[in-house]
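Written below as structure tokens is the structure these notes are about.
The values are calculated or read from the model by the stated rules, or taken from the named source; none is laboratory data. Worth saying up front: this structure is predicted, and the values here are computed from it rather than measured. Neighbour counts are summed over all protein chains in view; Cβ atoms, including those assigned to glycine, are modelled from backbone coordinates with ideal geometry.
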């Protein structure tokens with residue numbers, strides 16, 4: 001069982017309310033010869049026979065807590081934000097520097113009924129984890145300066161371990177070097193620091209572990225009733241390709257579909273939202289300068305013709321896991337997954353995000369515009385790809401320009417297929433498509449247990 005230590009724990013609802021409510025129920029429905037109780041503590045000191053009799057009638061404190069949905073909620077460690085439970089402020093932790101966040105891993109364990117326990121720092125057993133949820137990792141920030149003094153003392157004494165939980169795919173080698181420097185500064189043994197990462201290369205480092213967090217987060221976020229089922233009716237569009245944030249490498253890909261005049265065959269969007277200036281600079285792309293310059297005129301024409309819209313939703317809705325536009329999946333055959341990255345920093349590892357989960361969930365086949373070996377990593381989790389009928393050799397191409405050209409050619413070829421042929425292709429890929437949707441919907445308990453086993457080694 002995993003034990004987690006937090007500087008602050010919250011009762012939801014308030015423990016006094018839960019206790020008063022339980023006492024009312026107990027007094028209303030208890031046997032006449034049962035003792036008078038005035039608190040949860042009074043119950044704990046009663047004979048076992050009496051406690052068992054209460055449990056049989058679900059009149060014990062734990063049964064009542066379950067009945068009203070009582071939970072102990074961990075307040076994020078190392079945050080500078082003040083958030084109130086059941087208030088909009090609770091969702092703002094990740095937006096306040098240093099962008100630490102709620103430790104949602106405990107929610108995953110709770111849903112799958114995997115045993116764990118939350119403790120205050122001073123009461124936590126030896127070898128408990130002190131979790132730090134990360135939304136954005138800052139290589140120039142001293143995370144240990146934000147750890148409570150009490151927790152830091154225990155970490156130095158080797159009775160508490162630090163556990164970072166990060167869903168993004170930042171270079172784990174740089175993060176490890178940064179944490180080693182901090183460990184040396186504070187006199188902390190490196191083996192007391194654990195890191196969960198969204199980068200597959202994390203598994204190559206001691207105490208670092210790759211975890212497909214978006215898979216569970218997306219599964220928990222989406223309404224089961226909104227999932228698009230497999231159907232054999234013909235569709236008005238051939239594909240769906242949705243891009244919100246402008247990046248030069250994304251523009252290279254999407255502008256080629258536009259230039260080939262196949263963009264109108266699909267639900268095609270390029271919203272041109274700009275977040276980071278470096279994403280649009282030629283010098284920061286995963287391609288040679290000549291390749292970018294060769295494509296640049298077409299890109300400028302493409303951007304001038306846009307933005308391209310596939311719906312009337314707001315940017316906030318586009319960025320929400322919960323948003324599902326039915327036609328994007330039920331009325332097109334395949335999904336062109338334009339990923340967050342085309343190549344991870346320094347070429348280290350790959351990553352899987354919610355973007356690839358959408359066609360998995362909503363019964364489409366897909367092509368991935370992303371890092372090499374993305375499909376290979378996906379297959380490790382039991383999902384099936386489509387090499388039986390589609391050329392997926394692009395996934396093995398590590399040269400970024402050659403991989404991009406191969407993906408462009410494949411997508412244009414698929415989008416140029418006669419509608420009847422594309423329909424037949426979709427029907428023939430039904431075994432893989434429906435397998436993926438079913439697997440996505442299944443319990444992720446085994447996945448969580450594998451990570452727990454690694455943490456407990």
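Points to keep in mind about this one:
- The set of residues from the range 148-173 being part of a loop (DSSP other than H, G, I, E, B) and farther than 28 Å from residue 200 by Cβ comprises 148, 157, 158, 159.
- Meets criteria (touching a strand residue (DSSP E or B) at 6+ places or on another chain (Cβ under 6 Å) and modelled with pLDDT of 95 or more) for residue 429: yes
- Verdict on residue 233 being on the phi > 0 side of the Ramachandran plot and either under 23 Å from the mean Cα position of the chain (by Cα) or assigned by TED's automatic domain parsing to the domain that holds residue 426 (or both): no
- The range 282-351 holds helices (runs of 4 or more DSSP H) entirely within its bounds, and those carrying 2 or more residues that are under 28 Å from residue 394 (Cα atoms) map to 289-305, 326-330.
- Top-ranked residue in the range 39-85 [being under 26 Å from the mean Cα position of the chain (by Cα) and outside any loop (DSSP other than H, G, I, E, B); ranked as nearest to residue 135 (Cα to Cα)]: 74
- Scanning the range 281-301 for residues that are buried (at least 18 other Cβ atoms within 10 Å of the Cβ) and under 32 Å from the mean Cα position of the chain (by Cα) yields a total of 5.
- The single condition among (1) closer than 30 Å to residue 413 by Cβ; (2) without any contact (Cβ under 8 Å) to a residue 40 or more places away in the chain that residue 179 does not meet is (1).
- Test for residue 409: is it without any contact (Cβ under 8 Å) to a residue 60 or more places away in the chain, under 26 Å from residue 227 (Cα atoms) and not in a loop (DSSP other than H, G, I, E, B): no
- Of all residues in the range 149-166, those that are buried (at least 17 other Cβ atoms within 10 Å of the Cβ) and either over 22 Å from residue 347 (Cβ atoms) or modelled with pLDDT under 95 (or both) total 10.
- Whichever residue in the range 86-99 is out of contact with any strand residue (DSSP E or B) (no Cβ under 6 Å at 6 or more places or on another chain) and outside any loop (DSSP other than H, G, I, E, B) and, among such residues, is nearest to residue 134 (Cα to Cα): 95
- Flag: residue 16 does not match the condition of being under 42 Å from the mean Cα position of the chain (by Cα), in contact (Cβ under 8 Å) with a residue 24 or more places away in the chain, assigned to a helix (DSSP H, G or I) and not assigned by TED's automatic domain parsing to the domain that holds residue 105.
- Put simply, of 398, 421, 354, 339 the only residue that is under 18 Å from residue 328 (Cβ atoms) and out of contact with any strand residue (DSSP E or B) (no Cβ under 9 Å at 6 or more places or on another chain) is 354.
- Test: residue in the range 233-245 that is in contact with a strand residue (DSSP E or B) (Cβ under 6 Å, 6 or more places away or on another chain) and either assigned to a helix (DSSP H, G or I) or farther than 26 Å from residue 342 by Cβ (or both): yes
- Subset tally (residues that are in contact with a helix residue (DSSP H, G or I) (Cβ under 7 Å, 6 or more places away or on another chain), in a loop (DSSP other than H, G, I, E, B) and crowded, with 16+ Cβ neighbours inside 10 Å) for the range 105-142: 3
- Subset of the range 188-229 that is without any contact (Cβ under 8 Å) to a residue 60 or more places away in the chain, outside any strand (DSSP E or B) and in contact with a helix residue (DSSP H, G or I) (Cβ under 6 Å, 6 or more places away or on another chain) - its residue that is surrounded by the fewest Cβ atoms within 10 Å (Cβ to Cβ): 190
- Every test in (1) surrounded by fewer than 14 Cβ atoms within 10 Å (Cβ to Cβ); (2) at pLDDT 95 or above; (3) over 29 Å from residue 22 (Cα atoms) is passed by residue 91 save one, and that test is (2).
- Residue check, residue 269 assigned to a helix (DSSP H, G or I) and touching a residue at least 24 places away in the same chain (Cβ under 8 Å): no
- Matching residues, the range 423-445, being assigned to a helix (DSSP H, G or I) and under 17 Å from the mean Cα position of the chain (by Cα): 439, 440, 441, 445
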